[in-house]
Amino acid sequence: MRFTSKIVHSDRRDPIEHGSIHKPIHTAVTYAYDDARDLAAVFQGKKSGYTYGRQVNPTVTALQDKITLMEEGIATAAFGTGMAAIGTTLFALLRRGDHFISSSYLFGNTNSLFNTFATQGIEVTFVDATSSDAVAAAIQPNTKLVFVETIANPRTQVSDLVGIGDLCREHNLIYFVDNTMTTPYLFRPKDVGASLVINSLTKYIGGHANALGGAVTETGLFDWSGFTNLYDNYKKGDVSGWAIQQIKKKGLRDLGASLGPEAAHHISVGSDTLALRMDRICGTAQRLAEYLDGHEKVRKVYYPGLSGHPEHDRSASLFRHHGGIFSIELVDDVDCFDFINKLDLVICSSNLGDTRSLAIPVAHSIYFEMGAERRASMGIDDSLVRFSIGIEELDDLLTDFEQALA
Ligand SMILES: *Cc1c(COP(=O)(O)O)cnc(C)c1O
């Protein structure tokens, strides 16, 4: 089956009470056993079952299975946020003295998290991930993992996803890809050799800005048998499932960054229309980017769908569409705050992946705390405005941009 047919019917493939077509919201924190031996078997991993809500919940499990289908992976762990997904995964798999390589074109909060890991004895090197050469040059004997985003936010650099995948395979490194901006509908990181895929469910997958969530999917491509940071307790069953077991069982137990059942339900319902929304959003983003490119008040438009974008060909060859995010720099005498304030339909807000179009002055908000020097290294100009395009009709958005720029 194709993408949407598969996911809208995914819940009911397992029997659900009363033939319910959605997985219901299970709010119970804990589960009762008639036979104490069954409870022991579940705790010891000999039987599957539910014990305590920090690690497992039936509504969350149904969503995890849906994300696994989307990514064509083998298992998924869900978390309370996308940041929790990234943080818990690294926390569960890396140890003091390990090193990892990250793209320097990074979601601001992920950049903050990685710098925190560095203070805790897990070393990180930031590189220009648009070229696998820069990644190759940063590999050390203690390097364990490479982290990249597909299309970076806000400047829309597209990582050398194929080249880095080859490099990771060659050097036996975990390839951890953030697919939030492309979603499994536009791109499957498994196709370029990713070992683990993270999606912020808060963004396009949930899609309606009404629930926070994150997920990490195991693709089954990495050989975990030689990875020395895994505990014997989690080396059960097929070797491809060892790391995700450690992330779920140890990561979620230790850090407790769990996804709640209500949020899982909202995200699951939202995800049914992911493909429909992405077709619409990306089509509109393309047209708006083309309109703004060359406008007299706009100095620069960053969108992988424009032929002048440095990674346009790469984006066209890898992704179904070029995404729903673009950024612009305004000419010197146009103030970015004034421009955003003049927009009427487009909302000034920090989120992305909503059904509504959003704009934010990035240097003055989400990238403010990191300072001017780091912003400059990420190519973030003071006048940069990032747009996350929603599902409104194109003509209404065009009218709004026209009047605001006028
Ligand atoms: C938003 C975002 C995250 C973090 O997700 P939250 O759910 O907000 O914690 C991670 N990566 C990217 C690319 C994002 O846009």
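Data table
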{"quantity": "Boolean, Ala275 is farther than 19 Å from Leu212 by Cβ, part of a helix (DSSP H, G or I) and either open to solvent by less than 40 Å² (accessible area, probe 1.4 Å) or without any contact (Cβ under 8 Å) to a residue 24 or more places away in the chain (or both)", "calculated": "yes"}
{"quantity": "Scan of the range 214-234 for residues that are of a type in the set (Val, Ile, Thr) and out of contact with any Gly (no Cβ under 7 Å at 6 or more places or on another chain), ordered by number", "calculated": "Val216, Thr228"}
{"quantity": "Residue match in the range 381-391 (condition: over 24 Å from Ser103 (Cα atoms), open to solvent by 40 Å² or more (accessible area, probe 1.4 Å) and under 21 Å from the mean Cα position of the chain (by Cα))", "calculated": "yes"}
{"quantity": "Members of the range 92-123 found to be surrounded by fewer than 21 Cβ atoms within 10 Å (Cβ to Cβ) and either in contact with a helix residue (DSSP H, G or I) (Cβ under 6 Å, 6 or more places away or on another chain) or at positive phi (or both), listed by number", "calculated": "Gly97, Asn109, Leu113, Gly121"}
{"quantity": "Val197 vs. criteria surrounded by 24 or more Cβ atoms within 10 Å (Cβ to Cβ), within 16 Å of the ligand (Cβ to nearest atom), closer than 16 Å to Leu94 by Cα and at pLDDT 95 or above", "calculated": "no"}
{"quantity": "One residue from Gly108, Gly80, Gly97, Gly87 being away from the ligand (no atom under 14 Å from the Cβ) and among the small types (Gly, Ala, Ser)", "calculated": "Gly97"}
{"quantity": "Close pairs from the range 22-35: first open to solvent by 70 Å² or more (accessible area, probe 1.4 Å), partner small (Gly, Ala, Ser), Cβ under 7 Å, at least 6 apart", "calculated": "Val29/Gly53; Thr30/Gly53"}
{"quantity": "Scope the range 36-53; condition open to solvent by less than 70 Å² (accessible area, probe 1.4 Å), small (Gly, Ala, Ser) and part of a helix (DSSP H, G or I); matching residues", "calculated": "Ala40, Ala41"}
{"quantity": "Residue in the range 29-40 that is hydroxyl-bearing (Ser, Thr, Tyr) and either outside the structural domain of Glu218 (by TED's automatic domain parsing) or touching a strand residue (DSSP E or B) at 6+ places or on another chain (Cβ under 9 Å) (or both) present", "calculated": "yes"}
{"quantity": "Residue match in the range 316-335 (condition: under 24 Å from Gly270 (Cα atoms) and open to solvent by 40 Å² or more (accessible area, probe 1.4 Å))", "calculated": "yes"}
{"quantity": "In the range 111-140, the residues that are within 14 Å of the ligand (Cβ to nearest atom), at pLDDT 95 or above and not aromatic (Phe, Trp, Tyr)", "calculated": "Leu113, Ala129"}
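The values are calculated or read from the model by the stated rules, or taken from the named source; none is laboratory data. Source: prediction; values computed, not measured. Neighbour counts are summed over all protein chains in view; Cβ atoms, including those assigned to glycine, are modelled from backbone coordinates with ideal geometry. The accessibility values were calculated without ligands, DNA or RNA, using every heavy atom of the protein model including side chains. Shrake-Rupley method; radii C 1.70, N 1.55, O 1.52, S 1.80 Å.
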